[in-house]
Amino acid sequence: MKKYNILVAGVGGQGVITVGRLLKRAGLRKGYIVVGTETRGASQREGPVDSAVRYVILEDDEKFDPRRCTLSPIIPMGDADMVMCLESNEALRVSEYISSKSYVLINDYQILPTRARSFGLKMPPTDTIANLLKKITPNVRVVNASAVSEREFGDLTKVNMIMLGVALALGVMPLSFEDIEVTLREMGFSEDNIRAIRIGMKLMEGEV
Amino acid sequence: MSMEEFIEEILVDEPGKKVILSGNEAIVRGAIEAGVSFVTTYPGTPASEIGDIFSHICRKISGLYFEYSTNEIVAIETAVGAAWTGARALVAMKHVGLNVAADAFFTICYSGPNPGALVIAHGSDPGCYSSQNEQDNRYYALHAHCPLVQPSNPQECKDFTIAAFEMSEKLDLPVILDANMRTLHGLGEVTYGPINPPREGKRFVRSQFKYVNAGFVALSNKKRLLDRFRKAEEYAEKSDLNRVFEGGSSTGIITAGGAFNYVMEALDSLGLYDLPVLKLGIVHPIPRGLIKRFSENLERIIVVEELEGFIESDVKRIAFELGLDVEIVGKEYFPAYGELNVDLVVQGLSKVLGVKPKKNYDEIRKLATEVKSKYIPRDPIFCPGCPHRATLYAIKKVVGDNAIFGGDIGCYTLAALPPFNMTDFVICMGAGLSIAAGISHIIKDKPIIAFIGDSTFLHAGIPGLINAVYNNANLILVILDNRWVAMTGHQPTPATGISSTHEPTSPAVKLEEIVRACGVRFVKVFDPYNVRSAMEAISEALEHEGVRVLIARRECALQAERREKPRRLELQKRGIAAYYILEPERCQMCEECYKNFGCPAIKKSIIDGEEILYIETARCTHCDVCRQICKSGGPAIRKTIVNPHLLGV
């Protein structure tokens, strides 16, 4: 039996919930036990948003054991295997879920909180944030998903899918591109989303 | 998935089908499988979606009635009325909604819901994610002698809803289904059961000894209530909603609801698989026989539960009454505030058991704290184009900080945050007005201004307004009328002009007519998008005495945008576009629009080494307020239209 935890973090309106739901459905299709939660109280009001996706993956001959397979919908501290941050300041917020084994993808994009406007606070740039997180895990990557989404699609709506493409290309998630593709089609997503995931995967391969 | 596809999926009669649902969605499915025929609600996070889904599906099921009620007590009274004709009725609300419903709730327990059934589905909010408190409503169940069940995942949300209807009908008691935010917003796999046709109400049979709670009837109903509750205890003894996970250790755990998941994962994380675990599904009444059997070979019981030590007290009482020789611990190891999680449970359990957690929590926390110290907290803010922002801005321009501001529950609670800081207290729905009235009887040298939303006004504001007028309070009430219950997902109100099931109707009430009927002489309606007229209305109100009401009327920008944006995009395809632009060469960087108005569509960037402000066109809703308030002569902000000739005449 294996557990796998994905945390998507960002700001309301960035598509955090959408990519979380996609991952939950894709896991269910694979026959995983899927649990998760969303923190979305302020999702439409530029508040912080999270989606936690947790899989229990049983071996072929393994039976469901409630003592080992019951999951909290919230990821325990340090247990996130994959963290996708669609906004870089939000990566700092979720640091307690990250351990030395986690993979962290940070979109090079910032949305200034109003508090920063009112009090003239400066956000650390994305690179500084990435370096801070490297104190916890070496597996931190900055992705220019917003710039790519803007260039390829004319707006920022595909950032979540591009980030997912990068995560898939890392080859550490228990999901393949095909798993996601089939699920996206089932959920009635447009072809642009699939194209965005492919672009993300290429982005990753280009960097390696 | 579109709403249509979702409705199809949640209504499909395919027993054994597995789907992924949230707790709220699973409660809806459970109620449908149980043959619910009557649903009422007042929306409140985390339980709003229950009513919202019913508002969309009720037309698909013949014999199913749904309404958005004006508040929770109205909702529960309406629901029990249906139950008394034989219907299976569901009322959904958030935990604090039960405070509003409490007056009716206690006595409904006296009468009982038979011949029908009444399930109160309610969402609690440990951690106060979207509430003014985290009260533990299990004490309502205790106080009112009302059975209460706590599911721990979406599958149980469905199954427990069905069980709750059966219990309610059999015991002639309402049943509370109490789920926390994580369970209701959490997602998990649910296996469908068969759908039963709605059990509709048929006739009301007069029975004064059951329904007329006055004098000796009330007293005899109280006695009947105690008898029914004893039956509930017997029922709970046999219920399979309570489950025991066997183990050989001399320490056992009792838990319930969301805490069960944390316990199981914490035990797994500690590598402890032999502690017996009793998971209570029915948390009130706790079955004594089961507690006795569970504790037989135990030296110690650890009670792990979210919020207060409710189960803990009850188990201690039962242990005392039965003379059980077992140590019982609980809240001294697990916090009674905020939500629990696996890590808190691991740390609590390891302290009780004297074992070491596998994780080095100190180190994780130290590193995370260091990294997190660079995080700038992200307050939720008013959306671009939000009329509340414009109203608050205009008020601040006129009165400055020299006023006392009464806040209330809704999007406009955000007035408390920068850049406005225009809320001095928040208690509960409707409280802002009456607290302001109280203050106005003492404080005479400052304007006293209370805010209330349109839905909150209809929910809890009217008695307070009548009282303020009758007793000569001296204040300005600003009704922020954005036509919807915006904070909880845009449910309609009686003043919206949309029925509970989304059909256009004429508005049932007009706010200004209600206000006048309450005795208010000074009533002014203004459009917050017109800054000058808003400021004039506020100035005029300040010149008067007594209770003055200003109605700031403008539809929620999110709702307006849902209609307007597709139209704009369509025009864009034809090459016609309208934009608001901010011209850097004319802008004097006073930052009035950016800092003091604080519209999130206005942003800052650095071009050629110089700071500039710009408007993010994709987020701008064309509300025009920033143009009106622009201080740079000239004006630096204007609306521009590309290819207007293509529009024709």
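Please compute the per residue accessible area over chain B with all protein chains in place, 1.4 Å probe, rounded to a whole number of Å². Display every interim value, and only then the final one.
Working: 26280 Å² over 649 residues.
Value for chain B: 40 Å² per residue.
Over chain B, what is the relative contact order in percent, taking alpha-carbon pairs closer than 8 angstrom and at least six residues apart?
Values: 1322 pairs, mean separation 67.8, N = 649.
Once normalised by length, the contact order is 10 percent.
Tell me the trypsin sites (Lys or Arg not before Pro) within the range B:566-609 that lie in a loop according to DSSP and have at most 15 other beta-carbon atoms within 10 Å.
On the way: sites: B:Arg567, B:Arg568, B:Lys573, B:Arg574, B:Arg586, B:Lys595, B:Lys603, B:Lys604; in loops: B:Arg574, B:Arg586.
Passing sites in the range B:566-609 are B:Arg574, B:Arg586.
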Exercise for review: Run the numbers on the range B:379-411: which residues show a drop of 50 Å² or more in accessible area, chain on its own versus all protein chains together, using a 1.4 Å probe over heavy atoms?
Suggested key: B:Asp379, B:Ile381
**Study point:** Principal axis box of the range B:3-238, alpha-carbon based, largest edge first, Å
**Key:** 53, 40, 39
Exercise for review: List the residues of the range A:58-77 whose accessible area drops by at least 40 Å² when all protein chains are present, compared with their chain alone, using a 1.4 Å probe and counting only protein heavy atoms.
Suggested key: A:Pro66, A:Arg67, A:Arg68, A:Thr70, A:Ser72, A:Pro73, A:Ile74, A:Pro76, A:Met77
Exercise for review: Calculate, in whole percent, how much of the Cα-Cα pair population of the range B:258-363 lies beyond 21 Å.
Suggested key: 34
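If the only charges are +1 at each Lys and Arg Cβ and -1 at each Asp and Glu Cβ, what is the size of the charge dipole of chain B around the Cα centre, to the nearest 20 debye? Intermediate results must be reported in sequence, preceding the final value.
Working: 71 positive and 78 negative charges, 252 e Å.
Roughly 1220 debye, rounded to the nearest 20.
Kindly give the semi-axes, whole Å and largest first, of the ellipsoid equivalent to the range A:9-112, taking each as the square root of 5 times a Cα gyration tensor eigenvalue. Intermediate results must be reported in sequence, preceding the final value.
Values: eigenvalues 143, 44, 27 Å².
Gyration-tensor ellipsoid for the range A:9-112: 27, 15, 12 Å.
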Check your understanding: By how many degrees, between 0 and 90 and to the nearest 10, does the Cα long axis of helix A:159-169 differ from the longest principal axis of chain A?
Key -> 50
Revision key, fill the gap. The FRET efficiency for B:Glu503 and B:Arg532, from their Cβ-Cβ distance with R0 = 56 Å and rounded to 0.05, is 0.90
**Study point:** Long-range tail of P(r) for the range B:574-647 (Cα pairs > 15 Å, %)
**Key:** 54
Review point. Taking Cα centroids, how far is the range B:370-444 from the range B:274-314 in Å?
Key: 44
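Using the Cα centre as the reference, give the magnitude of the dipole from point charges on the C-beta atoms of the range B:483-579 (Lys, Arg: +1; Asp, Glu: -1; all else neutral), rounded to the nearest 20 debye.
440
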Check your understanding: Considering the alpha-carbon set of the protein assembly as shown alone, what are its Rg and its Dmax in angstrom?
Key -> 28.1, 90
Check your understanding: What's the FRET efficiency of B:Gln347 with B:Arg317 using the Cβ-Cβ distance as r and R₀ = 41 Å, to the nearest 0.05?
Key -> 0.90
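From the cross-link list A:Lys135/B:Lys374; A:Lys63/B:Lys18; A:Lys135/B:Lys604; B:Lys17/B:Lys94; A:Lys135/B:Lys358; B:Lys60/B:Lys158, which pairs have alpha carbons spaced over 25 Å apart? Before the final figure, lay out each step's value.
Values: A:Lys135/B:Lys374 14 Å; A:Lys63/B:Lys18 18 Å; A:Lys135/B:Lys604 31 Å; B:Lys17/B:Lys94 30 Å; A:Lys135/B:Lys358 21 Å; B:Lys60/B:Lys158 20 Å.
Too far apart for the 25 Å limit: A:Lys135/B:Lys604; B:Lys17/B:Lys94.
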Check your understanding: Given a 1.4 Å probe and the protein chains all in place, what does the accessible area of B:Ser48 round to, in Å² to the nearest 10?
Key -> 10
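Scan chain A and hand back the longest stretch that contains none of the GluC sites (Glu not before Pro) lying in DSSP loops with at most 15 other Cβ atoms within 10 Å.
Details: sites that count: A:Glu59, A:Glu62.
By the stated rule (loop sites, at most 15 other Cβ atoms within 10 Å), A:63-208.
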Check your understanding: After finding the eigenvalues of the alpha carbon gyration tensor for chain A, what semi-axes result from the square roots of 5 times each, listed largest first in whole Å?
Key -> 27, 20, 16
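Would you mind calculating the relative contact order of chain A from Cα pairs under 8 angstrom and at least 6 residues apart, reporting the percent as a whole number? Let's see the in-between values first.
Details: 391 pairs, mean separation 41.8, N = 208.
Relative contact order comes out at 20 percent.
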**Study point:** Computed magnitude of the charge dipole of the range A:1-138 (debye, nearest 20; Cβ of K, R +1, Cβ of D, E -1)
**Key:** 220
**Study point:** Label-point gap, in nm, between A:Lys30 and A:Arg151 - each point 7 angstrom along Cα→Cβ
**Key:** 3.0
Point to revise | Selected from B:Leu542, B:Ile637, B:Tyr333, residue furthest toward positive end of dipole (chain B; charges at beta carbon) | key: B:Leu542
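Set the Förster distance to 30 Å, then compute FRET efficiency between B:Glu234 and B:Arg300 from the Cβ-Cβ distance, nearest 0.05. Please report the intermediate quantities before stating the final value.
On the way: r = 28 Å, r/R0 = 0.95.
Using R0 = 30 Å, I get an efficiency of 0.60.
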Exercise for review: Take the solvent-accessible surface of the protein heavy atoms, probe 1.4 Å, and return the percent of it on the range A:1-110 that carbon and sulfur atoms account for.
Suggested key: 44
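So what's the back-of-envelope 222 nm ellipticity for chain A, counting only DSSP H runs of four-plus at -39500 (n - 2.57) apiece and dividing by all residues, rounded to 500?
-11500 deg cm²/dmol
Out of the total accessible area of the range B:387-559 (probe 1.4 Å, heavy atoms of protein only), what percent is carbon and sulfur? Present the calculation step by step, with values, prior to reporting the outcome.
Details: 3570 of 6670 Å².
Heavy-atom surface of the range B:387-559 belonging to carbon and sulfur, 1.4 Å probe: 54 percent.
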Check your understanding: How much accessible surface does B:Arg627 have with a 1.4 Å probe, in Å² rounded to 10?
Key -> 90
Check your understanding: How far is it, in nm, from the label point at A:Asp65 to the one at A:Val172 when both lie 7 Å from their Cα along the line to the Cβ?
Key -> 2.7
Practice item. Please state, as a whole number in µm²/s, the translational diffusion coefficient that the Stokes-Einstein equation yields for chain B at 37 °C and 0.692 mPa s, with Rh defined as the Kirkwood radius across alpha carbon pairs. Key: 119
**Study point:** chain B: calculated mean residue ellipticity at 222 nm from DSSP helix runs of at least 4, using -39500 (n - 2.57)
**Key:** -11500 deg cm²/dmol
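Out of the range B:149-231, which chymotrypsin sites (Phe, Trp or Tyr not before Pro) are coil in DSSP terms and have no more than 13 other C-beta atoms within 10 Å? Before the final figure, lay out each step's value.
Details: sites: B:Phe160, B:Phe165, B:Tyr192, B:Phe204, B:Phe209, B:Tyr211, B:Phe216, B:Phe229; in loops: B:Tyr192, B:Phe204.
Counting only loop positions with at most 13 other Cβ atoms within 10 Å, the chymotrypsin sites (Phe, Trp or Tyr not before Pro) in the range B:149-231 are B:Phe204.
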Check your understanding: Which one of B:Tyr235, B:Val91, B:Gln208 has its Cα pushed farthest toward the positive end of the charge dipole of the protein assembly as shown, where Lys and Arg give +1 and Asp and Glu give -1 at the Cβ?
Key -> B:Gln208
Check your understanding: Heavy-atom accessible area of B:Thr501 with all protein chains present, probe 1.4 Å, nearest 10 Å²?
Key -> 20
**Study point:** Interatomic Cα distance distribution for the range B:519-619, bins of 10 angstrom, percent
**Key:** 12, 28, 29, 22, 8, 1, 0
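Given an 8 Å cut-off on Cα distances and at least 6 residues of separation, report the relative contact order of the range B:574-647 as a percent. Intermediate values should be presented prior to the final figure.
Values: 108 pairs, mean separation 36.4, N = 74.
Relative contact order, the range B:574-647: 49 percent.
If you take the accessible area of B alone, add that of A alone, and subtract the area of the pair, what total do you get in Å², probe 1.4 Å, to the nearest 100? Walk me through the numbers on the way to the answer.
Working: alone 29090 and 10560 Å², together 34030 Å².
Interface between B and A: roughly 5600 Å².
The values are calculated or read from the model by the stated rules, or taken from the named source; none is laboratory data. This one's a predicted model, so the numbers in the text were calculated from it and none came from an experiment. Cβ sites come from the backbone with ideal geometry, for glycine too, and all protein chains shown count toward neighbours. Ligands, DNA and RNA are stripped out before the accessible areas are found, and what is left, the full protein with its side chains, is counted by its heavy atoms. Shrake-Rupley method; radii C 1.70, N 1.55, O 1.52, S 1.80 Å.
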